[in-house]
Amino acid sequence: MLRLDAVRQKAGPELHHDVEAVIRSIMNAAERVKGVCNFVRAGRGDRHTAIDLAAMVKQAIEMVEVVMKPPTLSGGRIRIESALPDSLPPVAAIATALQHVIANLLLNARDAMPESGTVTIAAKVSDHIELSVADEDAGIAQENLDRIFSPFFTTKPTGSGLGLSMAKDVMTRIGGSIIARNRQQGGAEFTLSFPRAAS
């Protein structure tokens with residue numbers, strides 16, 4: 001199989017734009033398939049353990065950077081801005097499933113901003129822990145807010161409609177929740193709410 005650099009060279013400058021689009025789609029698809037596989041494995045008897053949420057977010061960001069760093073087709077950039085503290089209270093979760101949820105939310109935010117923009121990830125701590133992922137696009141159509149977590153519902157031409165449904169299932173299994181809202185300043189925000197891990 002040809003390496004991606006070799007494909008770029010063989011295509012020539014006249015096909016560069018189309019080749020980059022195909023490569024981007026392949027890399028995106030590969031990450032999503034990997035995520036689904038991890039999710040399925042996580043449901044096979046894995047037990048909840050105390051998870052370092054701040055470290056988990058960093059791992060998820062590293063996992064998606066391969067498809068977030070390259071410029072968009074219009075030459076813009078998608079940037080991830082983390083407003084997380086250095087440490088957060090531990091949460092009880094299945095590590096592989098939670099990593100997939102966070103990575104999927106980051107990729108969804110990227111998909112919502114095809115030209116350029118910033119994905120902001122932040123956290124709040126009270127009697128539970130909230131983790132939010134926000135984008136700067138137009139947000140979610142009002143009529144879709146109640147359907148966004150339904151299995152197979154998608155607004156993307158090539159979407160499976162399973163990512164957010166699986167995210168809701170993961171959060172329900174650990175006694176948490178996930179909600180979606182539109183921000184006043186523009187864009188959508190997904191908030192994960194975690195119970196604290198038992199000490």
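The values are calculated or read from the model by the stated rules, or taken from the named source; none is laboratory data. Keep in mind it's a predicted model, so treat the numbers as computed, not measured. No Cβ is skipped: glycine too gets one built from the backbone with ideal geometry, and neighbour counts run over all protein chains shown.
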(request) Return a yes/no flag: does region 104-114 have any residue that is at pLDDT 90 or above, among the polar types (S, T, N, Q), crowded, with 18+ Cβ neighbours inside 10 Å and farther than 16 Å from Arg181 by Cβ. (result) yes
(message) Kindly evaluate Ala138 against the criterion of being of a type in the set (A, V, I, L, M, F, W, C) and exposed (fewer than 14 other Cβ atoms within 10 Å of the Cβ).
(response) yes
(request) With respect to Leu107, determine if the residue is within 21 Å of Met171 (Cβ to Cβ) and part of a loop (DSSP other than H, G, I, E, B). (result) no
(request) Hey, could you check region 173-192 for residues that are under 13 Å from Val101 (Cβ atoms) and of a type in the set (S, T, N, Q) and say which is surrounded by the most Cβ atoms within 10 Å (Cβ to Cβ)? (result) Thr191
(message) Being hydrophobic (A, V, I, L, M, F, W, C), surrounded by 14 or more Cβ atoms within 10 Å (Cβ to Cβ), farther than 26 Å from Leu53 by Cβ and under 18 Å from the mean Cα position of the chain (by Cα) is the requirement here; does Phe153 meet it?
(response) yes
(request) Give just the number: which of (1) more than 16 Å from the chain's Cα centre (by Cα); (2) of a type in the set (A, V, I, L, M, F, W, C); (3) at negative phi does Met166 not satisfy? (result) (1)
(message) Can you go through Glu81, Glu65 and tell me which one is outside any strand (DSSP E or B) and charged (D, E, K, R)?
(response) Glu65
(message) Conditions first: (1) out of contact with any strand residue (DSSP E or B) (no Cβ under 6 Å at 6 or more places or on another chain); (2) assigned to a helix (DSSP H, G or I). Met171 passes all but one, so which condition is the exception?
(response) (1)
(request) Would you mind finding the one in Asn182, Asn144 that is touching a Gly at 6+ places or on another chain (Cβ under 7 Å) and under 28 Å from Arg77 (Cα atoms)? (result) Asn182
(message) Which count do you get for residues in region 120-136 that are within 16 Å of Arg181 (Cβ to Cβ) and not small (Gly, Ala, Ser)?
(response) 8
(message) Test of understanding: among Val133, Val91, which residue is in contact (Cβ under 8 Å) with a residue 24 or more places away in the chain, buried (at least 20 other Cβ atoms within 10 Å of the Cβ), β-branched (Val, Ile, Thr) and over 17 Å from Ile51 (Cα atoms)?
(response) Val133
(request) Being more than 20 Å from Gln185 (Cβ to Cβ) and among the polar types (S, T, N, Q) is the filter; apply it to region 97-117 and report the residue that is nearest to the chain's Cα centre (by Cα). (result) Asn104
(request) Out of the residues in region 69-96 that are under 19 Å from the mean Cα position of the chain (by Cα) and within 15 Å of Gly176 (Cβ to Cβ), state the one that is modelled with the highest pLDDT. (result) Val91
(message) I'm told Ile140 meets every condition in (1) touching a strand residue (DSSP E or B) at 6+ places or on another chain (Cβ under 8 Å); (2) within 16 Å of Arg196 (Cα to Cα); (3) at pLDDT 90 or above except one. Can you identify the failing condition by its number?
(response) (2)
